[in-house]
Amino acid sequence: MLPPGETILLTLRLAGSIPAQAGRELHTRRVAAQQAADSPETHRRAEKQFFAGFDALLDARTVGPSYLEKEKLAEMVAGELLMLEEQGLQVPCFVVLPNHVHAVLHLPPGQGLSLYKAVELLHQRTATQARRLLRGQLPAEADFWQTGFHELPVLDVEELARIKSYLLSHPPRLQLPERFHDWPYVYLSNEVMR
(Lines give C-alpha, C1' and ligand atoms only; values in the text may rest on other atoms or scores of the structure.)
Protein backbone atom coordinates (compact mmCIF):
# COMPACT_ATOMS: atom_id res chain seq x y z
CA MET A 1 0.00 0.00 0.00
CA LEU A 2 1.23 3.49 -0.85
CA PRO A 3 1.57 5.96 2.00
CA PRO A 4 -1.27 8.50 2.33
CA GLY A 5 -1.13 11.46 -0.03
CA GLU A 6 -0.77 11.86 -3.80
CA THR A 7 1.80 10.00 -5.90
CA ILE A 8 2.22 10.72 -9.60
CA LEU A 9 4.51 9.93 -12.48
CA LEU A 10 5.29 13.35 -13.95
CA THR A 11 6.59 13.89 -17.49
CA LEU A 12 7.98 17.23 -18.65
CA ARG A 13 9.13 17.53 -22.25
CA LEU A 14 11.03 20.09 -24.25
CA ALA A 15 8.99 22.29 -26.57
CA GLY A 16 8.64 20.77 -30.02
CA SER A 17 9.82 17.31 -28.94
CA ILE A 18 6.90 15.40 -30.50
CA PRO A 19 5.81 15.63 -34.16
CA ALA A 20 2.67 17.79 -34.13
CA GLN A 21 0.54 15.45 -36.27
CA ALA A 22 1.50 12.36 -34.28
CA GLY A 23 0.78 14.21 -31.04
CA ARG A 24 -2.68 15.24 -32.25
CA GLU A 25 -3.49 11.70 -33.37
CA LEU A 26 -2.38 10.27 -30.04
CA HIS A 27 -4.48 12.82 -28.16
CA THR A 28 -7.53 12.07 -30.34
CA ARG A 29 -7.20 8.34 -29.63
CA ARG A 30 -6.86 9.09 -25.91
CA VAL A 31 -10.03 11.20 -25.82
CA ALA A 32 -11.99 8.57 -27.79
CA ALA A 33 -10.79 5.77 -25.49
CA GLN A 34 -11.64 7.79 -22.37
CA GLN A 35 -15.13 8.58 -23.69
CA ALA A 36 -15.70 4.90 -24.50
CA ALA A 37 -14.45 3.78 -21.08
CA ASP A 38 -17.21 2.06 -19.15
CA SER A 39 -15.28 1.59 -15.90
CA PRO A 40 -12.43 3.18 -13.95
CA GLU A 41 -10.21 0.26 -15.02
CA THR A 42 -10.93 0.88 -18.72
CA HIS A 43 -10.29 4.60 -18.26
CA ARG A 44 -7.00 3.82 -16.50
CA ARG A 45 -5.97 1.44 -19.29
CA ALA A 46 -6.64 4.21 -21.86
CA GLU A 47 -4.48 6.59 -19.85
CA LYS A 48 -1.63 4.07 -19.66
CA GLN A 49 -1.86 3.41 -23.41
CA PHE A 50 -1.64 7.14 -24.03
CA PHE A 51 1.43 7.36 -21.79
CA ALA A 52 3.11 4.46 -23.64
CA GLY A 53 2.49 6.10 -27.02
CA PHE A 54 3.52 9.52 -25.73
CA ASP A 55 6.75 8.15 -24.27
CA ALA A 56 7.54 6.20 -27.46
CA LEU A 57 7.25 9.43 -29.47
CA LEU A 58 9.59 11.20 -27.04
CA ASP A 59 12.06 8.32 -27.05
CA ALA A 60 12.18 8.26 -30.87
CA ARG A 61 13.55 11.84 -30.86
CA THR A 62 12.52 12.48 -34.45
CA VAL A 63 11.96 16.22 -33.95
CA GLY A 64 12.93 19.00 -31.62
CA PRO A 65 15.87 19.82 -29.43
CA SER A 66 17.86 17.55 -27.13
CA TYR A 67 19.05 20.25 -24.74
CA LEU A 68 18.99 17.92 -21.74
CA GLU A 69 21.97 16.01 -23.21
CA LYS A 70 24.02 18.95 -22.00
CA GLU A 71 25.34 18.01 -18.59
CA LYS A 72 24.93 21.49 -17.12
CA LEU A 73 21.24 21.50 -18.07
CA ALA A 74 20.65 17.93 -16.89
CA GLU A 75 22.42 18.71 -13.62
CA MET A 76 20.33 21.84 -13.10
CA VAL A 77 17.05 19.97 -13.72
CA ALA A 78 18.12 17.10 -11.44
CA GLY A 79 19.05 19.60 -8.73
CA GLU A 80 15.70 21.36 -9.01
CA LEU A 81 13.86 18.04 -8.77
CA LEU A 82 15.74 17.22 -5.57
CA MET A 83 14.99 20.72 -4.23
CA LEU A 84 11.29 19.77 -4.28
CA GLU A 85 12.04 17.74 -1.15
CA GLU A 86 12.77 20.99 0.70
CA GLN A 87 9.21 22.07 -0.14
CA GLY A 88 7.72 18.93 1.42
CA LEU A 89 7.44 16.72 -1.67
CA GLN A 90 9.20 13.38 -1.84
CA VAL A 91 11.05 12.43 -5.02
CA PRO A 92 11.48 8.65 -4.97
CA CYS A 93 12.80 8.36 -8.53
CA PHE A 94 13.55 10.34 -11.68
CA VAL A 95 15.38 10.19 -14.98
CA VAL A 96 16.52 13.11 -17.13
CA LEU A 97 16.65 12.13 -20.81
CA PRO A 98 17.77 14.18 -23.85
CA ASN A 99 14.33 15.73 -24.52
CA HIS A 100 12.20 14.89 -21.49
CA VAL A 101 12.10 14.14 -17.79
CA HIS A 102 10.16 11.51 -15.87
CA ALA A 103 9.85 11.86 -12.10
CA VAL A 104 7.84 10.11 -9.45
CA LEU A 105 6.58 12.70 -6.97
CA HIS A 106 4.80 12.02 -3.69
CA LEU A 107 2.97 14.68 -1.70
CA PRO A 108 2.26 13.50 1.84
CA PRO A 109 -1.02 14.76 3.32
CA GLY A 110 -1.05 17.87 5.47
CA GLN A 111 1.82 19.62 3.70
CA GLY A 112 -0.22 22.72 2.89
CA LEU A 113 1.25 22.51 -0.58
CA SER A 114 -0.31 21.97 -3.97
CA LEU A 115 1.39 19.34 -6.09
CA TYR A 116 0.37 21.24 -9.21
CA LYS A 117 1.71 24.54 -7.92
CA ALA A 118 5.02 22.88 -7.05
CA VAL A 119 5.27 21.40 -10.57
CA GLU A 120 4.34 24.74 -12.14
CA LEU A 121 7.08 26.47 -10.15
CA LEU A 122 9.56 23.74 -11.12
CA HIS A 123 8.60 24.30 -14.77
CA GLN A 124 9.16 28.06 -14.47
CA ARG A 125 12.41 27.89 -12.48
CA THR A 126 14.05 25.34 -14.74
CA ALA A 127 12.97 27.19 -17.90
CA THR A 128 14.46 30.45 -16.59
CA GLN A 129 17.74 28.79 -15.65
CA ALA A 130 17.87 26.88 -18.95
CA ARG A 131 17.52 30.13 -20.91
CA ARG A 132 20.52 31.48 -19.03
CA LEU A 133 22.57 28.34 -19.70
CA LEU A 134 21.56 28.21 -23.39
CA ARG A 135 22.36 31.85 -24.12
CA GLY A 136 22.05 32.34 -27.86
CA GLN A 137 21.04 28.73 -28.59
CA LEU A 138 17.36 29.18 -27.74
CA PRO A 139 15.57 31.92 -29.69
CA ALA A 140 14.05 34.58 -27.44
CA GLU A 141 10.50 33.76 -28.57
CA ALA A 142 10.93 29.99 -28.16
CA ASP A 143 9.70 28.08 -25.12
CA PHE A 144 12.07 25.74 -23.32
CA TRP A 145 9.44 23.32 -22.00
CA GLN A 146 6.27 22.32 -23.78
CA THR A 147 3.37 24.06 -22.04
CA GLY A 148 1.83 21.89 -19.34
CA PHE A 149 2.93 18.45 -18.28
CA HIS A 150 1.68 14.89 -18.28
CA GLU A 151 0.86 13.12 -15.08
CA LEU A 152 -0.18 9.59 -14.35
CA PRO A 153 -1.43 8.86 -10.82
CA VAL A 154 0.38 5.96 -9.18
CA LEU A 155 -2.22 3.73 -7.54
CA ASP A 156 -0.29 1.10 -5.58
CA VAL A 157 3.17 -0.12 -4.56
CA GLU A 158 3.29 -2.73 -7.33
CA GLU A 159 2.74 -0.04 -9.94
CA LEU A 160 5.32 2.18 -8.22
CA ALA A 161 7.87 -0.66 -8.39
CA ARG A 162 7.16 -1.16 -12.13
CA ILE A 163 7.51 2.58 -12.78
CA LYS A 164 10.81 2.79 -10.89
CA SER A 165 12.17 -0.16 -12.86
CA TYR A 166 11.00 1.42 -16.14
CA LEU A 167 12.66 4.75 -15.32
CA LEU A 168 15.94 3.25 -14.15
CA SER A 169 16.26 1.13 -17.29
CA HIS A 170 15.40 3.99 -19.65
CA PRO A 171 18.90 5.12 -20.78
CA PRO A 172 20.20 1.62 -21.64
CA ARG A 173 16.90 0.65 -23.29
CA LEU A 174 17.14 3.69 -25.57
CA GLN A 175 20.69 2.71 -26.51
CA LEU A 176 21.91 6.17 -25.65
CA PRO A 177 25.62 6.88 -26.07
CA GLU A 178 27.91 5.16 -23.60
CA ARG A 179 28.05 8.13 -21.23
CA PHE A 180 24.30 7.74 -20.61
CA HIS A 181 24.82 4.23 -19.27
CA ASP A 182 26.51 5.78 -16.26
CA TRP A 183 24.33 8.87 -16.55
CA PRO A 184 24.22 10.48 -13.11
CA TYR A 185 20.78 11.96 -13.80
CA VAL A 186 18.98 8.72 -13.10
CA TYR A 187 17.96 8.84 -9.44
CA LEU A 188 16.48 6.36 -7.00
CA SER A 189 15.99 7.46 -3.42
CA ASN A 190 16.91 4.94 -0.76
CA GLU A 191 14.45 6.53 1.64
CA VAL A 192 11.11 4.88 2.31
CA MET A 193 8.14 7.08 1.39
CA ARG A 194 6.37 8.15 4.56
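Over every Cα atom in region 18-63, the radius of gyration and the widest Cα-Cα span, Dmax, amount to 11.4, 36 Å. Over the chain, the Kirkwood radius and the radius of gyration, each from Cα atoms, give a ratio Rg/Rh of 0.95.
Tell me, which longest segment in the chain has none of the GluC sites (Glu not before Pro) that fall in DSSP loops with at most 14 further Cβ atoms within 10 Å?
No qualifying site falls inside 1-140, the longest such stretch.
Taking amide H as placed 1.01 Å from N in the peptide plane, SER189 has its amide H under 5 Å from the amide H of CYS93, each at least 5 places away in sequence or on another chain.
3J(HN,Hα) couplings calculated from phi for region 141-154 with the Karplus curve 6.51 cos²θ - 1.76 cosθ + 1.60 (θ = phi - 60°) are, in sequence order, 8, 7, 7, 7, 8, 5, 4, x, 7, 10, 10, 10, x, 9 Hz; Gly and Pro show x. The accessible area of SER169, taken with all protein chains in place and a 1.4 Å probe, comes to roughly 50 Å². Residues ASP143, ASP156, ASP38, sorted by accessible area with the largest first, give ASP38, ASP143, ASP156 [1.4 Å probe; ligands and nucleic acids excluded].
The values are calculated or read from the model by the stated rules, or taken from the named source; none is laboratory data. Because the structure is predicted, anything quoted here is derived from the model rather than measured. Methodologically, a virtual Cβ is constructed for each residue, glycine included, from the backbone with ideal geometry; neighbour enumeration extends over all protein chains shown. SASA here: full protein model, heavy atoms, side chains in, ligands and nucleic acids out. Shrake-Rupley method; radii C 1.70, N 1.55, O 1.52, S 1.80 Å.
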